[in-house]
Amino acid sequence: MVNKAQGLGLSLLTKLAGSDVLDQFKLRKFVEKSLYQSSKAGFKTLSHTQKAFKKNNDLHKQRLPNQQKSLFDLNLTEEQQMTADAMQQFAAEVLYPLAHQADQDEKFPPQLWKHIQDLGLNYYALPEDLGGVAAEKNIVSNILIAEHLAAGDFSLTAGLLSTFSCINAITQWGSESVQSTYLPVFAEDSEIIATFAVQENTPAFNPYQLKTRAVADGSNYKITGEKTIVLLGEHADVLLVTAMLNGQPEVFVVNRDETIRSKKSPAMGLKATETVTLKFEQTAAQRLGDDDFDYSAFIDLGNLMWCAMAVGTATALKKYCIQYANERTAFGEPISHRQSVAFMIADMAIEIDAMHMLILNAASLAESGKSFHREAYLARILCAEKAMKIGTDGVQILGGHGFTKEHPVERWYRDLRATAIIHSGLHA
C-alpha cells in the first residue's frame with residue numbers, strides 16, 4: 001500500500017512539474033515539497049465520485065504546538081513573504097479580472113477551483129503527516145493569505161478560503177476521530193468542498209446564543225435548525241455547523257445528505273459566493289472537538305479572517321481612489337488637490353494601518369498560545385466600523401461614478417459591509 005501511495009505522489013509531482021501556474025505564482029517549491037511529503041505519508045486514495053468519509057484509526061490527533069517567536073513581530077519570515085507575494089500576484093492577475101462578472105452573474109467562477117488545485121492552497125492548512133505544512137500554528141500566515149487575496153476581490157476570496165478554513169478548524173480543534181476521518185480525505189480529494197454554517201436569521205445575531213439545536217444520538221448527534229448566508233452552501237460536501245448543546249454553543253461536522261434543505265438567499269454583497277439558507281432536520285452530525293475545545297477562540301479566529309479580508313479590499317480601494325483622484329480633473333486641476341479629497345484618502349490610510357496592526361497583534365498572540373479574545377474583539381469592532389466608512393468614502397470620492405458598476409468601488413462598498421454582519425464563517 002505504501003508503494004502504491006508513493007507511486008501516486010510521484011505521479012502527481014510529475015504532472016504538476018509541467019504546470020506554468022506554479023512558476024507564475026512562485027509556488028513550485030512549496031507544492032513539490034507538499035507532494036513529496038504526501039507521497040511519504042502513504043495514505044490510501046479515495047474515489048473522487050464517492051466522496052466517502054471513512055475513519056482512519058491509524059491517524060493520531062494532530063495537536064499543534066505553540067510557535068516560539070516574539071509577540072507582535074511585524075517582520076515576515078522568508079516563507080511568509082514568499083506566500084504574501086504569490087497571493088498578491090494571484091489576486092491581481094486572476095481574481096480581479098474575474099470579480100466583476102462573478103458579481104454580475106452571482107456565481108463562483110468554476111475555473112477558480114482548478115487554480116486552487118494547481119496552487120495547492122489547502123496544503124497550507126493540512127498537517128505535515130498528510131503532505132501539508134501545518135506543523136505548527138500558522139495563524140499569521142493564514143491572515144496574510146486572506147489579506148493579500150482580498151486585494152483582488154473580497155467575495156471571491158471568501159469562497160476560495162471556505163474549504164481552506166474548514167481544514168484549518170479541523171486541524172486545530174478536531175478530535176482524533178474527526179481528524180482521522182476527514183483530513184486524509186481533504187488531502188487526497190481536492191474536489192471536496194467544505195464551508196461553515198454559523199449565521200442565523202435573527203436581529204442582532206449572537207453566535208453564543210443560537211436557535212439551532214443539537215441532541216445526543218448514541219455516540220453522535222442530531223441537528224435541527226436554520227442557517228443563513230452560508231458561503232457556497234449549495235455545493236458543500238462537508239459543513240461545520242454551530243448549534244446549542246446542553247445550553248452551550250458547540251461546533252459539529254456534518255456530511256451533506258437529504259435531510260438538509262437549501263434555499264438561495266442572495267445578499268447585498270458576497271454575491272459570487274452564492275450564499276444560501278440551509279435548514280437542518282434531524283441531520284446526523286459529529287462533534288468537532290473534545291472537552292478542551294475553545295468555542296470563543298473558534299469564533300475569534302473566524303472574525304480575524306474577515307477583518308484581514310477587509311484590510312486587503314480596503315487597501316485596493318484606497319489605491320484605486322488615489323489613482324482616480326490624480327487623474328480626475330475639475331476646475332482645471334486634479335481633484336486630489338482639494339483638501340477634502342486628500343484628507344479623506346489620508347484618513348483611509350490611517351484607518352487601514354490601524355486595522356492591520358490590531359489584526360496582527362491578535363493573530364500574533366493567538367499563534368503564541370496567549371489569550372487574544374480582547375485583541376480580536378477590538379480588531380473586529382474597529383474593522384466593522386472603518387471598513388464600512390472606507391467603502392462609503394470610496395463611493396463619495398468617485399461621486400456619480402462611484403454609484404455605477406463602471407468602477408469596482410460600488411462592489412467593494414457592498415462587500416466590505418459584510419465585515420460588520422458575519423460572525424466567523426471562516427477560520428485562521
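Just so you know, all these numbers are worked out from the coordinates, no wet-lab data involved. Everything quoted here is computed from the prediction, not taken from an experiment. Quick reminder, even Gly has a Cβ in these numbers, built from the backbone with ideal geometry, and neighbours come from all protein chains shown.
Brief remarks follow.
- Mean Cβ neighbour count within 10 Å, used as a protection proxy, ranking 186-192, 401-407, 387-393, 76-82 highest first: 387-393, 186-192, 401-407, 76-82
- As a calculated quantity, the FRET efficiency between Ser296 and Gln117 at R0 = 30 Å, using C-beta atoms, amounts to about 0.30.
- Environment charge at Lys389 (Cβ cut-off 11 Å; Lys +1, Arg +1, Asp -1, Glu -1): -2
- Under 5 Å, built H, 5+ apart or other chain: amide partners of Asp294: none
- Of every Cα-Cα pair in the stretch 194-287, the percent that sits beyond 15 Å: 55 percent
- Cα gyration tensor category, rounded, prolate or oblate, for the stretch 147-218 with a/c compared to 1.5: oblate
- Rough spin-label spacing in nm, given labels placed 7 Å along Cα→Cβ, for Val215 and Phe331: 7.0 nm
- At R0 = 22 Å, FRET efficiency that the Cβ-Cβ distance of Glu93 and Asp353 yields, to 0.05: 0.25
- Amide H to amide H, with H built 1.01 Å from N, Leu270 comes under 5 Å of Asp415, counting only residues 5 or more places away or on other chains.
- On full extension, the segment bounded by Ser265 and Tyr377 gains 37.5 nm, given 0.36 nm per residue less the C-alpha separation.
- Extended-chain gain in nm, criterion 0.36 nm per residue less alpha-carbon gap, Asp257 and Glu191: 22.0 nm
- Distance between modelled label sites at Thr202 and Asn246, nm, 7 Å Cα→Cβ extension: 2.1 nm
- Order of Asp217, Asp257 - criterion: other Cβ atoms within 10 Å of each residue's Cβ, fewest first: Asp257, Asp217
- Rg ratio (alpha-carbon, reference 2.2 N^0.38 Å) - the stretch 123-167: 1.18
- Note on the stretch 405-421 and the stretch 187-243: Cα centroid distance 26 Å, given to the nearest whole angstrom.
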